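Derivation of every value follows stated rules applied to the coordinates shown; laboratory data play no part. None of these values were measured; they are calculated from a predicted model. Glycine gets a Cβ as well: all are built from the backbone with ideal geometry, and neighbour counts include every protein chain shown.
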Amino acid sequence: MKAKKVLKTALITIGSLVFLFLLVFLFWLGPTVKLIAQNIGSKALGTPLTIDTLSINPRKGTIQLSDFAIANPDLFGHSNAVSLTSLDIAIDVRSLFSETILVHRVEINSPHFVYEQGSASDNINEFILSIYEFIGFDPDAPLPPPDPKKIAKEKRKQEKKKAKEPKVVLIESLAINDVQIHLANTDDPQLDMKVGFEQLSLSMTNGAVRLDDFYVGNPGRLETSNLFTLDDVAIDLEPSSCLLYTSDAADDPTLV
């Protein structure tokens, strides 16, 4: 009897701990990832990485993010190098274990990117140098001699990946809104240019692709605002031709 009671108590304790872990995993995954991303990302990039809210629900297969930003290094004039108003993804969790991964919805709002160049450097190069320093990598140091064991292990790993059947990704709805790419010059803002579009939408279920209000801006010193504009593009494809085949091998993605 005592052994049964001990076993019952142990099972209840283990069950309670598993349940508690699941609760923490489901309700605190988003804030935990947000905290890690902000802390490590800011240190690695050398500038603040901020996220207002991040919600991840593995049970429902949803990811929701708002007000993501990576600040520009202090050397440059623009406040942010990257900003994103919101990201909303919904995936059929059960499909992750099948041959076809079903993505119900991907919506990206106001992704803005700034590539800024000055007389001494540019912001992308500054980010790269900061990451090198964070991970302790010296790009000028001589490379170590190749390890035959590591090469053989990597080769076997790649062969296993290629042997796997590729999975099919089906996106029911994709919308990217208000995309802006800003090519900025710190020393002469009149040389700044912008490229962007109002919306890109895609549905693999009906084969519809839409692009609205694409433009390439002129430098600020010119009178005309845009070098090139395109009001809209509409393409209707055979839905089966829109399937995205992915492979675990990094060098073998194919779009058919």
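Observations, loosely collected:
- Surrounding net charge for residue 83, when Lys and Arg each add one and Asp and Glu each subtract one, Cβ distance under 14 Å: -4
- Distance in nm between pseudo-label sites at residue 181 and residue 149 (7 Å out along the Cβ direction from Cα): 4.5
- Trypsin sites (Lys or Arg not before Pro) within the stretch 144-190, DSSP loop, no more than 15 other Cβ atoms inside 10 Å: 164
- Restricting the stretch 35-77 to trypsin sites (Lys or Arg not before Pro) that sit in a DSSP loop and have at most 13 other Cβ atoms within 10 Å of their own Cβ leaves 59, 60.
- Under 15 Å, Cβ to Cβ, from residue 127 - net charge with Lys/Arg +1 and Asp/Glu -1: -4
- Gain upon complete extension [residue 198, residue 164; 0.36 nm per residue less C-alpha separation]: 8.4 nm
- Cα-based Lys pair tally, the stretch 112-235, threshold under 24 Å, eight or more apart or on separate chains: 15
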